[in-house]
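See below for the structure under consideration.
The values are calculated or read from the model by the stated rules, or taken from the named source; none is laboratory data. Everything numeric in this text was worked out from a predicted model, so none of it was measured. Cβ coordinates were reconstructed from backbone atoms using ideal geometry, including for glycine residues, and neighbour counts include every protein chain displayed.
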Amino acid sequence: MRAVQRGAVRSGDAEIAWSSLGDGSEAIVLIIGLGGWSGDWGTIFPAQLAERFRVIMFDNRGTGTSSRVPGPYTLPQLARDAAAIIDGVADGRAHVLGISMGGMIAQHLAFDHPTRLRKLLLLSTHCGGSRAVLPRPHVLPALFPEPGMAAADVVRRRFGAIAAPGWAERFPELLEQRVQSALRAPTPLRTWRAQVDAILGDDRYERLDEIEAPTLVVHGDADALVPYGNAETLARRIPGARLVTLRGVGHLPMFEAPEETARVVRAFLEER
């Protein structure tokens, strides 16, 4: 397997940092969600995909080592950043997998940059607007820190709220790995707010039938942040889309069930 490669591409007013793993003939671009950076994919899930594909991960603008460009942001703008990654790192065409906000960005890639997509995978995401099923009431307060709360405790509370019930208690060592990853590249609160505003201002429902790329929707049935009904809406509206349900999994399948999620992804991508 090829060693990890790193670089950056220019997208408008921002430098977008990327890394890649694996040397497969086909690339898959992973788009992270709200407040995340490329390190938040962990190690197991990307490594399993890299056995077959070249896995490209990048930091959305304002996060990780990408330019800390202030908001406001829009999801189409973030999709243009992802398109720049595909052009600059994947020779103009790739499979695209987005989780949560990353899945929303991926939908805009499919709308506005369809020739860049081979296949589309949407994890733990929704269509936006009034037809999106809202988070469970306990989740949203956990996403933003209380005054004076230690950074590590903020991350623990977030992961505890959006993973499946009991996951954090059963796998404390995995939770701490996620905490340390987040602390290595903390996302500024202003970026969080700009990303939240971008999500809240975007409704994709009426455009879902424009998606031409073969699409797989993957969702945990214990997701409290983006409840499972959102996956059913996506699968119903996107032409030819299929839905795979991860039983007992919350919002973070790449941590909660990395091997199972990688198997599902690889099986879909390897279909001809």
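The residues of the range 20-41 that are surrounded by fewer than 22 Cβ atoms within 10 Å (Cβ to Cβ) and in contact with a Gly (Cβ under 8 Å, 6 or more places away or on another chain) amount to a single one, Gly39. Is it the case that Val69 is of a type outside the set (Lys, Arg), part of a strand (DSSP E or B) and either surrounded by fewer than 23 Cβ atoms within 10 Å (Cβ to Cβ) or at pLDDT 95 or above (or both)? Against the criterion (of a type outside the set (Lys, Arg), part of a strand (DSSP E or B) and either surrounded by fewer than 23 Cβ atoms within 10 Å (Cβ to Cβ) or at pLDDT 95 or above (or both)), Val69 does not qualify.
Filter the range 42-53 down to the residues that are outside any loop (DSSP other than H, G, I, E, B) and not aliphatic (A, V, I, L, M), then identify the one that is surrounded by the fewest Cβ atoms within 10 Å (Cβ to Cβ).
Selected residue: Gln48.
Each residue in the range 222-272 was checked for being charged (D, E, K, R) and assigned to a helix (DSSP H, G or I), and 9 of them qualify. Candidates are the residues of the range 165-207 that are touching a Gly at 6+ places or on another chain (Cβ under 6 Å) and either of a type outside the set (S, T, N, Q) or more than 11 Å from Gly36 (Cα to Cα) (or both); the one that is surrounded by the most Cβ atoms within 10 Å (Cβ to Cβ) is Arg204. When the test is whether a residue is surrounded by fewer than 21 Cβ atoms within 10 Å (Cβ to Cβ), touching a Lys or Arg at 6+ places or on another chain (Cβ under 7 Å) and more than 28 Å from Val4 (Cα to Cα), Leu134 does not pass it. Annotation: Ala152 fulfils all but one of (1) out of contact with any Lys or Arg (no Cβ under 8 Å at 6 or more places or on another chain); (2) surrounded by fewer than 19 Cβ atoms within 10 Å (Cβ to Cβ); (3) hydrophobic (A, V, I, L, M, F, W, C); (4) at pLDDT 95 or above; the unmet one is (4). Taking the criterion of being surrounded by 15 or more Cβ atoms within 10 Å (Cβ to Cβ) and over 17 Å from the mean Cα position of the chain (by Cα), the residues of the range 233-242 that qualify are Thr233, Ala235, Arg237, Ile238, Ala241. Selection of the range 1-19 for residues being without any contact (Cβ under 8 Å) to a residue 60 or more places away in the chain and either surrounded by 15 or more Cβ atoms within 10 Å (Cβ to Cβ) or assigned to a helix (DSSP H, G or I) (or both) yields Ala8, Glu15, Ala17, Ser19.
When the criteria are applied in full, Leu208 fails the requirement of being within 30 Å of Pro76 (Cα to Cα), modelled with pLDDT under 90 and either in contact with a Lys or Arg (Cβ under 7 Å, 6 or more places away or on another chain) or of a type outside the set (S, T, N, Q) (or both). Scanning the range 91-120 for residues that are in a strand (DSSP E or B) and either buried (at least 24 other Cβ atoms within 10 Å of the Cβ) or in contact with a His (Cβ under 7 Å, 6 or more places away or on another chain) (or both) turns up Ala94, His95, Val96, Leu97, Gly98, Ile99, Arg118, Lys119, Leu120.
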